[in-house]
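Report on the following structure.
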């Protein structure tokens with residue numbers, strides 16, 4: 001009875017704190033500008049099914065990492081069925097509740113969980129090796145400071161510990177079942193954990209202790225992990241689904257046309273034109289996170305810092321400062337800062353900072369808008385849109401641009417071409433025949 | 001001359017408008033691509049016209065650089081001209097013009113069927129109007145195709161240029177990074193108009209090295225900007241004697257003896 005009460009308390013605290021943090025993130029994402037991404041629903045569901053559920057982008061180009069990731073993903077999703085049983089057992093004070101409902105199916109399920117658990121442990125070990133021993137280039141870079149690196153390692157170690165506790169718990173349970181201990185009904189099949197017998201204590205009391213400890217360790221660990229996720233890059237396990245659903249469906253080359261600019265330009269070209277709204281917009285482009293769309297902000301929370309974008313960025317590959325992953329991480333860091341400020345000092349608080357305190361013009365000017373980063377992202381994040389919005393602010397609000405661009409703007413404005421040529425010469429190509 | 005103004009003056013409507021683009025109009029190397037496209041159009045007898053002095057920059061480099069005002073000024077005045085002539089279908093030899101006209105003009109009131117010249121060539125080959133015969137033989141020659149970002153990733157046109165090359169009966173070799181994974185030449189996003197930021201290497205050199213590693217004798221391109229970058233790369237790596245950079249339109253003209 002006491003353990004049931006303790007468990008219910010843990011359940012309430014664990015889920016309650018998680019919901020509170022998710023709400024905070026939702027509120028932060030809501031700080032972004034509105035954008036309609038709810039059209040063409042059928043295509044959106046299809047994209048989500050293919051890219052998030054089906055992991056289609058994970059295996060492309062990086063098959064090793066992709067396949068191991070799928071193993072962990074499938075493991076995570078399926079083993080959660082077991083967590084459901086654990087939660088019900090905890091609340092109701094039962095033991096292996098599902099085992100009595102459908103013994104045959106239960107055996108198949110438990111056996112498959114065990115194989116998956118081994119798979120997850122192995123994949124996590126390989127991932128740790130890649131990050132810390134082989135030191136793959138993709139996992140370093142100026143944005144990969146101490147915290148992002150330990151974040152990744154912490155997640156992998158936590159998953160290994162959880163899976164190890166799960167298997168040890170099963171192993172002890174299996175022996176107790178064989179011994180006919182009271183409360184340990186015969187249920188399930190234990191193809192992996194049955195081999196742990198030699199490592200376990202011989203006495204019934206010792207076994208019960210191990211089984212109970214691992215049960216509590218596993219479920220408490222899950223609640224701790226659940227509450228770690230919103231603070232971590234690991235939040236992608238939830239956000240990759242809405243992130244792919246709300247992704248841009250138009251051709252990647254299509255950049256948004258700013259309607260507020262259309263109104264002004266139309267009024268300039270035709271004095272009799274009446275603009276849609278009389279008040280000019282507060283700001284052109286983005287200076288800070290609130291000027292970005294909510295989809296851009298959701299993108300930042302969906303990023304798991306895998307670095308596939310940066311690994312294919314032509315600017316980054318040739319040693320320039322720009323890294324699309326850093327754009328996403330900076331956007332999230334700044335958004336968290338803005339959200340914290342609003343909570344502490346009220347909604348109108350201005351700390352005098354902006355996204356430009358995180359992202360430099362040198363990074364922004366270096367982008368070739370080639371869309372390689374957008375193409376590479378396994379969850380359809382669009383760093384390019386953020387880069388463009390920041391460029392718009394620099395160019396249109398602050399009249400900042402590299403020298404070459406200022407000249408190019410001038411030429412286009414005065415001779416309708418990016419170079420200094422006269423429109424009268426536009427047919428010169430037809431004058432020769434080589 | 002076949003400018004749209006002249007054609008319209010005689011109350012006629014051309015089947016197709018050839019949007020030359022700024023590079024195709026003014027850059028000497030790109031002018032050769034323009035002439036090749038014009039030769040193909042003449043050869044197959046398509047009734048077409050150009051805007052000539054009435055053509056302006058689509059605004060692409062201004063837009064990518066963040067100058068939306070300038071972009072829309074160009075876009076809206078171009079749309080005024082195009083709509084004034086009742087233009088329905090446009091072909092262009094520049095993937096940047098192609099992308100802008102096709103994707104960004106419709107919302108601003110410019111609705112046209114826009115195709116890239118490699119798509120036109122593909123169509124003409126399928127119709128049997130272009131055959132790789134009567135001209136230079138590319139049989140067995142190693143050719144690699146460099147995907148232009150604004151044709152490939154931006155608009156998923158991967159096959160049309162390749163089909164045009166396959167028609168040459170050449171030995172088409174792929175670079176390590178191609179199609180959706182293709183590496184940018186370094187010119188897009190208005191980079192062509194400014195100095196690169198400090199780094200270890202030029203992007204066009206990185207890409208040209210990859211093209212050379214494929215063992216190709218011809219690097220095929222479908223974009224005047226890529227052409228500039230790849231030719232500079234070949235020059236810098238001192239491979240001008242061994243490797244040619246040619247546009248797909250130029251290769252088609254040569255193979256057909258036009």
With an 8 Å Cα cut-off and a minimum separation of 6 or more residues, compute the relative contact order for chain A in percent. 19
Expressed in angstrom and rounded, the centroid-to-centroid distance over alpha carbons for segment A:346-421 and segment B:74-124 is 25
D (µm²/s, integer) via Stokes-Einstein for segment A:42-231, Kirkwood Rh across alpha-carbon pairs, 37 °C, 0.692 mPa s: value 179
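Assuming R0 = 22 Å, what is the FRET efficiency of residue B:258 and residue B:5, from their Cβ-Cβ distance, to the nearest 0.05?
Numbers: r = 27 Å, r/R0 = 1.22.
Rounded to the nearest 0.05, the efficiency is 0.25.
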Fewest first, what order do A:303, B:185 take by the number of other Cβ atoms within 10 Å? A:303, B:185
Distance in nm between label sites at residue A:403 and residue A:136, each 7 Å beyond Cα in the beta-carbon direction? 4.2
Where does helix A:324-345 land angle-wise versus the long Cα axis of chain A, in degrees 0 to 90, nearest 10? 80
From the C-alpha gyration tensor of segment B:4-121, square roots of 5λ in Å: 22, 17, 12
Rg/Rh ratio calculated on Cα atoms of segment A:8-99 (Kirkwood radius): 1.09
Quick check on packing: order A:63-73, A:155-165 by the mean number of other C-beta atoms within 10 Å, highest mean leading. A:155-165, A:63-73
Inter-chain Cβ neighbour average for residues B:30-40, partner chain, 10 Å: 2
Estimated distance in nm for a label pair at residue A:36 and residue A:422, the labels positioned 7 Å out from Cα along Cα-to-Cβ: 4.8
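Could you please rank B:234, B:205, placing first whichever residue has the fewest other Cβ atoms within 10 Å of its Cβ? Before the final figure, lay out each step's value.
Working: B:234 22, B:205 17.
So the residues, fewest neighbours to most, are B:205, B:234.
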For segment A:259-423, what is the largest minus smallest coordinate of the Cα atoms on each principal axis, given in angstrom and ordered from greatest to least? 48, 43, 27
Within a 10 angstrom radius of each residue's Cβ in A:394-407, how many Cβ atoms of other chains show up on average? Whole number is fine. 4
Roughly what angle does helix A:63-92 make with the longest principal axis of chain A, taking Cα atoms, 0 to 90 degrees, to the nearest 10? 50
Which peptide among B:237-243, A:83-89 comes first, and what is the full order, when sorted by highest mean count of other Cβ atoms within 10 Å? A:83-89, B:237-243
Let me check I have the definition right: for segment A:76-136, take the eigenvalues of the Cα gyration tensor, multiply each by 5, take square roots. What are those semi-axes in whole Å, largest first? 32, 13, 7
What is the calculated FRET efficiency for residue B:113 to residue A:10, with r their C-beta to C-beta distance and R₀ = 60 Å, to the nearest 0.05? 0.40
Helix A:204-228 versus the longest principal axis of chain A: what angle, 0 to 90°, nearest 10, using Cα atoms? 10
Roughly how far apart, in whole Å, are the Cα centres of segment B:187-203 and segment A:287-323? 19
The protein assembly as shown - convex hull of the alpha-carbon atoms, volume per residue in Å³: 192
Going by how many other beta carbons lie within 10 Å of each one, how would you line up A:365, A:147, A:405, fewest first? A:147, A:405, A:365
In 5 Å bins starting at zero, report the fraction of Cα pairs in chain B per bin as a rounded %. 1, 6, 13, 18, 19, 17, 12, 8, 4, 1, 0, 0
Have a look at B:210, B:104, B:197 and tell me which one the Gaussian network model of chain B (Cα, springs below 10 Å) gives the largest fluctuation. B:197
On average, how many beta carbons from a partner chain sit within 10 Å of the beta carbon of a residue in B:177-186? 5
Please sort B:113-120, B:125-132 by packing, taking for each peptide the average over its residues of neighbouring beta carbons within 10 angstrom, highest first. B:113-120, B:125-132
Taking the Cα atoms of segment A:40-153 alone, what are Rg (to one decimal) and Dmax (as a whole number) in Å? 18.5, 54
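Read-outs throughout are calculated quantities, based only on the coordinates presented, and are distinct from any laboratory measurement. This structure is a prediction, so every number in the text was calculated from the model and none was measured. Positions of Cβ are backbone-derived with ideal geometry, glycine not excepted, and every protein chain shown enters the neighbour counts.
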